[in-house]
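Read the structure below first, then the notes.
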Amino acid sequence: MNTTISAQEGKGNIQKDPKSPATMPVVIAVSREKTPGEQRVAMVPEVVQKLTKSGYEIRIEHDAGAAAFYPDNLYIVAGAKIASSPAELLDGARIVLRVQPPTVTDVDQLTVGTIVIGFMNPSTNLETVARMRDRKVTAFALELVPRISRAQSMDALSSQATAGGYVAAIMGADNCPKFLPMLTTAAGTIRPAKVLILGAGVAGLMAIATAKRLGALVEAYDVRRAAGEQVRSLGAKFLELEINAEGQGGYARELTPEEKVQEQQMVSAAVAQADIIITTAAIPGRKAPVLITRETVAMMRPGAVIIDMAAESGGNCEMTQAGKTIREHGVLIIGPQNLPSRVPFHTSQMYAKNLQSFLALLIDREGEVVREFTDEILVASLLVHAGEVRHGPTRDLLKEGKL
Ligand SMILES: NC(=O)c1ccc[n+]([C@@H]2O[C@H](COP(=O)([O-])OP(=O)(O)OC[C@H]3O[C@@H](n4cnc5c(N)ncnc54)[C@H](O)[C@@H]3O)[C@@H](O)[C@H]2O)c1
C-alpha cells in the first residue's frame, strides 16, 4: 500500500496567502461544541499556553470552555484569541480542533484544505464524511489512531473510556439502595455490595478500580483471557469461562453462536447475585453483544442496578434503552450516553493533551503542517483528504449508501 499522502493537496486558501508561511504561524481554531449534552472542549488553557509558546496562533470560539469550567479569560491569559463567531474563528484557520464530529453545516463553513481533528464516528456520520470529501476538507479521526505504544499519549478513546468507567461506577453506587463497603457499626454489620463488571477493557478496569476503592466486592469477566491478570491485579475476582476470544490488535472477536449461549449461561449466574452491574463489552465496528437477556433481568435481585455503558452501540442488556432509565422487575436499567462529558473538566484536559501529542506529529519543527502524511499514526487516522475517503470501511459504507 502506498502510504505517502501529500498534505499539500487541495490546500486552497492557504496557497493563496501572499505572505511567506515561515512568517505566518499556523492558526489552530477550537470550536464550541454544539452537540446537545456535550460539555467538553477540545483544548484547555494549560495546553494552549504550551502551543502558543511553540509559535502557533490559537483561536477559541467564545465560551467554548464554559461548560467544562474553563472561562474565556483563562484562554486569553494563556495566549489565545477569542473569536466571537464561527466565521471569525475559521478565517484563515489551518487546523480545527473539536470533540464531536462536525455536522454538514459545520463542514460548509470550512475552506478547501482545512484540517479537522476530533472524533468522527464515521459509520454513523456518512453524510458529513461525504461533504468533507466533496469540499476537499482533510479530517483525522481520533478513534482510528492505532493502539501502538508510540500512540498511547494520543489515544483519546482510552482517555475518555477511563473517565467513562469511573463515572459508571459512581453512578452505580449513587443508584444502589445499599452501602458499597462493609461496615461494622453499633447498629449491626453491613455486608459489602457485590459489583459485577462485564468487559474488562479500559473502561471496565477503571470501573473495577473505582468500585474497589468504594469498598465493594468486585467480580469481572471478559472474553479475552489476558484480561484476567489485569482484573486480579486490581484485587477483583476474574470469572473464568472456557472461551478465549482474543482477536486482532488486542480486541475481542465476535463469539460463535454456541459460545454466546455458553457465555450467557455463565453470566446469568453471576448477574443474579450482583447488586450493581456495569457492562462495557464492545466489538469495534459492530453492535454490542447481548450478555444480559430479558430472562436474566427477571432473575436479578430487586434494587439491583445495571449501568449499560454499551447503550449507544445497542446495549449489553437486551432491555437497555439508550439515554433512558427504566425499571423492570425492580431492577434499574440505565443506558447512559456520553459519560465522559459528565466530568468535563478532566476529560477536556486529557483530550487536549491527546491532541497536543497528535499535533506534534502533524506539525514539523519549522512550525509547518508536514508536507506528507507518512507517519503510520497519521496514515491510519486519516479519514478524508484531498477529495477522497481514505478509510476503507467508511468508503465501502458510502458506496453502499450511494453517497
Ligand atoms: N496503546 C495500547 O496498546 C492500548 C491502548 C488501549 C487499549 N488497548 C487494549 O485494547 C483492548 C480493548 O480495549 P477497549 O477498552 O478499547 O475495548 P472495547 O471498548 O472495544 O471493549 C471493551 C471490552 O469488552 C470486551 N468484550 C467484547 N466482547 C465481549 C463479550 N462478548 N463478553 C465479555 N467481554 C467482551 C473486550 O474484550 C474489551 O476488553 C484491550 O486489550 C486493551 O488493553 C491497548
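Cα-Cα over 30 Å: which of Lys324/Lys353; Lys194/Lys324; Lys237/Lys260; Lys194/Lys353; Lys34/Lys324; Lys34/Lys402?
Numbers: Lys324/Lys353 32 Å; Lys194/Lys324 24 Å; Lys237/Lys260 22 Å; Lys194/Lys353 35 Å; Lys34/Lys324 21 Å; Lys34/Lys402 28 Å.
Listed pairs above 30 Å: Lys324/Lys353; Lys194/Lys353.
Around Ser31, what is the net charge, scoring Lys/Arg as +1 and Asp/Glu as -1 over all other residues with Cβ under 13 Å from its Cβ?
Net of charged neighbours comes to -1.
No solvent, one uniform scatterer per C-alpha: report log10 I(q)/I(0) for segment 294-403 via the Debye equation at q = 0.15, 0.21 1/Å, two decimals.
Log10 I(q)/I(0), no solvent term: -0.89, -1.06.
Taking the highest mean first, how do the peptides 91-101, 224-234 order by number of other beta carbon atoms within 10 angstrom per residue? List each step's numbers first, then the result.
Details: 91-101: 22.9, 224-234: 15.8.
Listed from highest to lowest mean packing, they are 91-101, 224-234.
Hey, if you drop one equal point scatterer on each alpha-carbon of segment 162-342 and run the Debye formula without solvent, what base-10 log of I(q)/I(0) do you get at q = 0.11, 0.13, 0.14, 0.19 Å⁻¹?
The Debye formula, applied to the Cα set alone, gives -0.41, -0.58, -0.68, -1.30.
Two decimals is fine: what is log10 I(q)/I(0) at q = 0.10, 0.16, 0.20 Å⁻¹ for segment 98-217, from a Debye sum with one equal scatterer on every Cα and no solvent?
-0.50, -0.83, -1.02
Calculate, in nm to one decimal, what Ile76 and Glu366 gain on full extension: separation in residues at 0.36 nm each, minus their alpha carbon distance.
101.9 nm
Calculate how steeply helix 202-213 sits against the longest principal axis of the alpha-carbon atoms of the chain, using the helix alpha-carbon long axis, and give the answer as 0 to 90 degrees to the nearest 10.
50 degrees
Give, as ranges by residue number, the residues of segment 278-322 whose backbone N falls under 18 Å from the point 7 Å along Cα→Cβ of Arg213.
Under cut-off, by backbone N: 278.
What is the spin-label model distance, in nm, from Gln337 to Ala66 if the labels are put 7 Å beyond Cα along the C-beta direction?
2.2 nm
Sum up the charges of everything whose Cβ sits under 11 Å from the Cβ of Pro302, counting Lys and Arg as +1 and Asp and Glu as -1, but leave Pro302 out.
Working: positive: Arg301, Arg327; negative: Asp275, Glu328.
It works out to a net charge of 0.
Let me have the relative contact order for segment 218-361, percent, based on Cα pairs under 8 Å that are six or more residues apart.
15 percent
Please work out how much length the chain gains when fully extended from Ala322 to Ala186, using 0.36 nm per residue of separation minus the C-alpha to C-alpha distance, in nm with one decimal.
Numbers: separation 136, 0.36 × 136 = 48.96 nm, distance 4.24 nm.
44.7 nm is the gain from fully extending Ala322 to Ala186.
If r is the Cβ-Cβ distance from Asn121 to Gln248 and R0 is 22 Å, what FRET efficiency results, to the nearest 0.05?
The calculated FRET efficiency here is 0.55.
Report the per residue volume, in Å³, of the convex hull enclosing the C-alpha atoms of segment 181-258.
Per residue, the Cα convex hull of segment 181-258 comes to 94 Å³.
Using only Cα atoms, what Kirkwood radius does the chain have, in angstroms?
On the way: mean 1/r = 0.0442 Å⁻¹.
About 22.6 Å, per the Kirkwood formula over Cα pairs.
How many angstrom separate the Cα center of segment 339-403 from the Cα center of segment 157-187?
First find each Cα centre; the distance between them is then 33 Å.
As a test of the formula, what do you get for the chain when each DSSP H run with n ≥ 4 contributes -39,500 (n - 2.57) and the sum is divided by the residue count, at 222 nm and rounded to the nearest 500 deg cm²/dmol?
Helices in the chain give a 222 nm mean residue ellipticity of -9500 deg cm²/dmol.
Would you mind checking the tilt of helix 156-175 against the longest principal axis of the Cα atoms of the chain, expressed as 0 to 90 degrees and rounded to 10?
Between helix and principal axis, roughly 40 degrees.
Once the piece of chain linking Ser153 and Phe345 is laid out straight, how much longer is it, given 0.36 nm per residue of separation minus the C-alpha distance between them?
Result: 67.3 nm gained on full extension.
Taken together, the values in this text are just the output of simple stated rules run on the coordinates, not laboratory data. This is a predicted model, so every value here is computed, not measured. Cβ coordinates were reconstructed from backbone atoms using ideal geometry, including for glycine residues, and neighbour counts include every protein chain displayed.
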